[in-house]
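The structure under discussion appears below in the form of structure tokens.
The values are calculated or read from the model by the stated rules, or taken from the named source; none is laboratory data. All values reported here derive from a predicted model rather than from experimental measurement. Methodologically, a virtual Cβ is constructed for each residue, glycine included, from the backbone with ideal geometry; neighbour enumeration extends over all protein chains shown. Accessible surface areas use protein heavy atoms only, side chains included; no ligands, DNA or RNA. Shrake-Rupley method; radii C 1.70, N 1.55, O 1.52, S 1.80 Å.
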Amino acid sequence: MLKDILKDHKIILASGSPRRQQYFKELGIEFEIRLQPVEEIYPAHLKGAEISNYLSELKASALNKELLKNEILVTSDTVVWYKNQSLAKAANAKEAFRMLKTLSNDWHEVITSVSFTTAGSQKTIANTTKVKFKDLSNEEIHFYINNFNPFDKAGAYGIQDWIGLIGIEEIKGSYANVVGLPTHLIYKTLITLVQ
């Protein structure tokens, strides 16, 4: 269905994430991948969705100057937000352990922002999902880090991984959003943009 609606447009996905690419395929979106790494630094005063919005738009700014009239560039960023602080990607195993221990036995928010940029406009949406971890043991955390190397993920975990299967007790909101894309909103927004 989306394929027909978007037939006069070219979708550019600026993400190297296999999970995001798979979601686009499952949504029936034909897309091209364009990557332009940016330094993910944001102003210190930003909070929650302001961070993911800023970084999503920053990623778009690296590519938007070369967009053609019929192209829609899709960029995104995910933030794990816990007690008024952002848990970014872990630099090493020690940092990953500290993050997961922090999230253990408590709720946190996963916020994903997605920017839709054309040659003449930009629309950014954000979606928040609340996630509750069980009380994770040190052994479970070490096992996960050693076997799944979650260093490319915000908050040092992927909900689709082993840690999600054994550790997530409750979720309020979109599961796909935690994986990395609020697919229901992408579907809705793309239709709105081209109609």
Taking N as the residue count of region 1-112, its alpha carbon Rg divided by 2.2 N^0.38 Å gives 1.25
Listed by chain and number, the lysines with an alpha carbon less than 18 angstrom from that of residue 65, same-chain partners under 8 positions apart left out, are 10, 123
Answer in debye to the nearest 20: the dipole magnitude of the chain about its Cα centre, from +1 Lys/Arg and -1 Asp/Glu charges placed on Cβ, is 240 debye
Volume per residue (Å³) of the convex hull spanned by the alpha carbons of region 120-180 is 93 Å³
One would report the antiparallel percent of DSSP beta bridges in the chain, rounded to the nearest 5, as 80 percent
Placing each pseudo-label 7 Å from Cα in the direction of the beta carbon, residue 149 and residue 194 end up separated by a distance in nanometres of 3.7 nm
With all protein chains present, region 60-195 has a carbon and sulfur share of its accessible area (1.4 Å probe) in percent of 49 percent
Scattering profile of region 49-195 from the Debye formula, Cα beads only, expressed as log10 I(q)/I(0) at q = 0.17 Å⁻¹, is -0.90
The helix 138-148 Cα axis meets the longest alpha-carbon principal axis of the chain at an angle in degrees, between 0 and 90 and rounded to 10, of 40 degrees
Rounded to the nearest 10, the angle in degrees between the Cα long axis of helix 183-194 and the longest principal axis of the Cα atoms of the chain comes to 20 degrees
One finds the C-alpha centres of region 13-29 and region 53-104 to be spaced, in Å, by 16 Å
